[in-house]
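The values are calculated or read from the model by the stated rules, or taken from the named source; none is laboratory data. Just so it is clear, the model here is predicted, and its values are computed rather than measured. With ideal geometry, Cβ positions are generated from the backbone for all residues, glycine too; neighbour counts draw on all protein chains shown.
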Amino acid sequence: MDRPAQDPEKAGFDNADEIRSSSNDSQGIDVDAGFTPEEQRRIIRRIDRRLVVTVGAMYCVSLMDRTNLSAAAIAGMTKELSLYLSFEQSIASLLFFVPYIIFQPPSTIIVRKVGPRLHLGGLTLLWGGVMIGMGFSRRYTHLYACRILLGVLEAGFFPSCVYLLSTWYTRYEVGKRYSVFYLLGCVASAFAGILAYGLMQMNGQQGLTGWRWIFIIEGALTCVLGIVGYWLLVDFPDSKRKDWNFLGDRERAWIVARVNRDRGDAHMPAFNLGRFLRAGADWRIWAYAMIFFNTTTVTYALAYFLPIILQVNMGFDVGAAQCLVAPAYAFAGIIMFGTAWLGDKMKFRGPVVLINMLFCIVGLPIMGFHSSAAVRYFGVFLTTAGANSQIPAVMAYQANNIRGQWKRAFCSATLVSFGGIGGIAGSLLFREQDKPHYRPGIYGCIACTLLTMVLVGLLTLDAYFKNKKADRGEIELEADDEGAQQGFRYTY
């Protein structure tokens, strides 16, 4: 397949000089902007440190805050608030996702209007306050209210981050960046159990039980990161708002020009509701969303119930169940970055998704059906690695194949909304009546894995035929009305 390359002649263009000219930004700055290759690398490294690390750290606390119910449950919350796994705790888990799904679509519009610093920093500060409030819940209804409010506030965070990252990098740079972004979330999942176990030891301090300190201390850390994030976050590369001590106009213009050369959509057209909603006519957006649903169904099931599965199914005590989560997520981080590096290097996305699904399709039966607890724990490693590595893989998959700023915004919101629906499904997979083996939950995860493989096959066939059309010069206009780009090819 012909792929866009750094040199326009290699990207399938007939007139390299014309394309170089069209790649310049509105200020007329050349795509290289007079920067040497070393200076260009330094600029990208500055963006990595400032943008990827900041949003990754903020997502770290986001994931930790929404998934610490299981840690609190086995630390005494279930008994103190009269929660039972078969009913009230499952409700507490899924209540988060109802507002989380509803409030996501507007988030990518709002972040463009007010800027990432105010939008993301403010949301993080506010939900940190809600987390502290959860630590003072006296009845399960108080916990329900806090979970709903937490869903409202976290709804705008993840899709805005996905969208923001996609605007700064070219298509075959974004895979590793998404993996680092989500890898920091895996660090949260890996060490959240250990942190929760440590905070449980504060039981009795100030008259509060151990599970309450989990929410209070983690909420306070979130508030601090929200304030720090406001100063460290960066705006969109084409924004007129200034970021303190970051890139100058000439460096920003170079970023805009190189993204424009890669996919031709670096500039932001005026918002139009019809154009925004018309993106929904593209079936690929819903296919990517369904893949993300399948993925998050498994990842949230693991996040919410893995400590419980380790305790009930595999016979570990509370402390061991909290701490044994960490090695599986650490292994997932290694696989995640390795597959993302492979995808960027080889310039493909579908095969990375399939590799991750192979981990799951092997790990899930081992985790669910083997007679030895030690071998089942090995299955946890494979399943956790495959499912969590899939999150950045799917984000890169859709980012490579969706053009147009508002269409990308719509796709990001839809993708993460379906991820929220997957969160609801994941929170209901492992039921009290199915213990100790939880086999219906295992079957559900296997079904999601197989459906993902089918969808990747359909998307690959679609990309193949569209690229053949482009090779013959039969370029089709994109649904976002921003026009076709000579030399653009869909990524397999």
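So the values come out like this:
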read-out: Residues that are in contact (Cβ under 8 Å) with a residue 60 or more places away in the chain and touching a Lys or Arg at 6+ places or on another chain (Cβ under 7 Å), drawn from the stretch 361-385; value: Met367, Gly368
read-out: All positions within the stretch 93-121 that are basic (Lys, Arg) and surrounded by fewer than 21 Cβ atoms within 10 Å (Cβ to Cβ); value: Lys113, Arg117
read-out: Selected residue (only one of Arg408, Arg403 is modelled with pLDDT under 85, under 30 Å from Ala279 (Cα atoms) and in contact with a Gly (Cβ under 9 Å, 6 or more places away or on another chain)); value: Arg403
read-out: Residues located in the stretch 150-166, provided they are of a type in the set (A, V, I, L, M) and not in a helix (DSSP H, G or I); value: Ala155
read-out: Considering residues of the stretch 392-430 that are surrounded by 24 or more Cβ atoms within 10 Å (Cβ to Cβ) and β-branched (Val, Ile, Thr) only, the residue nearest to Val174 (Cα to Cα); value: Val394
read-out: Number of the condition not met by Arg45 [criteria: (1) farther than 30 Å from Arg258 by Cβ; (2) modelled with pLDDT of 60 or more; (3) not acidic (Asp, Glu)]; value: (1)
read-out: Residue check for Asn388: closer than 20 Å to Tyr178 by Cα, free of Cβ contacts under 8 Å to residues at least 40 places away in the same chain and of a type outside the set (Phe, Trp, Tyr); value: no
read-out: Qualifying residue in the stretch 91-106 (condition: modelled with pLDDT of 90 or more and of a type in the set (A, V, I, L, M)); value: no
read-out: Odd one out for Pro327, checked against (1) in a helix (DSSP H, G or I); (2) modelled with pLDDT of 85 or more; (3) touching a Ser or Thr at 6+ places or on another chain (Cβ under 9 Å); value: (3)
read-out: Test: Glu88 is at pLDDT 85 or above, surrounded by fewer than 22 Cβ atoms within 10 Å (Cβ to Cβ), of a type outside the set (A, V, I, L, M, F, W, C) and more than 17 Å from the chain's Cα centre (by Cα); value: no
read-out: Lone unmet requirement of (1) aliphatic (A, V, I, L, M); (2) within 19 Å of Ser107 (Cβ to Cβ); (3) free of Cβ contacts under 8 Å to residues at least 24 places away in the same chain for Leu164; value: (3)
read-out: Some residue of the stretch 216-238 being at positive phi and not aromatic (Phe, Trp, Tyr); value: no
read-out: Unique match (being surrounded by fewer than 24 Cβ atoms within 10 Å (Cβ to Cβ), in contact with a Pro (Cβ under 8 Å, 6 or more places away or on another chain) and in a helix (DSSP H, G or I)) among Gly379, Gly368, Gly319, Gly338; value: Gly379
read-out: Meets criteria (out of contact with any His (no Cβ under 9 Å at 6 or more places or on another chain) and crowded, with 24+ Cβ neighbours inside 10 Å) for Gly185; value: yes
read-out: Members of the stretch 415-472 that are at negative phi, touching a residue at least 24 places away in the same chain (Cβ under 8 Å) and not in a helix (DSSP H, G or I); value: Phe430, Arg431, Lys435, Pro436, His437
read-out: Condition check for Val298: touching a residue at least 40 places away in the same chain (Cβ under 8 Å), β-branched (Val, Ile, Thr), under 22 Å from Ile402 (Cα atoms) and in a helix (DSSP H, G or I); value: no
read-out: Flag for Ala289 being more than 30 Å from Gly76 (Cβ to Cβ) and not acidic (Asp, Glu); value: yes
read-out: Leu143 being crowded, with 22+ Cβ neighbours inside 10 Å and modelled with pLDDT of 85 or more; value: yes
read-out: Set Ser70, Ser62: member being closer than 26 Å to Thr299 by Cβ, at pLDDT 80 or above and not charged (D, E, K, R); value: Ser62
read-out: Search result, residues across the stretch 169-181 that are surrounded by fewer than 24 Cβ atoms within 10 Å (Cβ to Cβ) and over 9 Å from Asn400 (Cα atoms); value: Glu173, Lys176, Val180
read-out: Residue within the stretch 197-211 that is surrounded by 22 or more Cβ atoms within 10 Å (Cβ to Cβ), assigned to a helix (DSSP H, G or I) and either basic (Lys, Arg) or in contact with a strand residue (DSSP E or B) (Cβ under 7 Å, 6 or more places away or on another chain) (or both) present; value: no
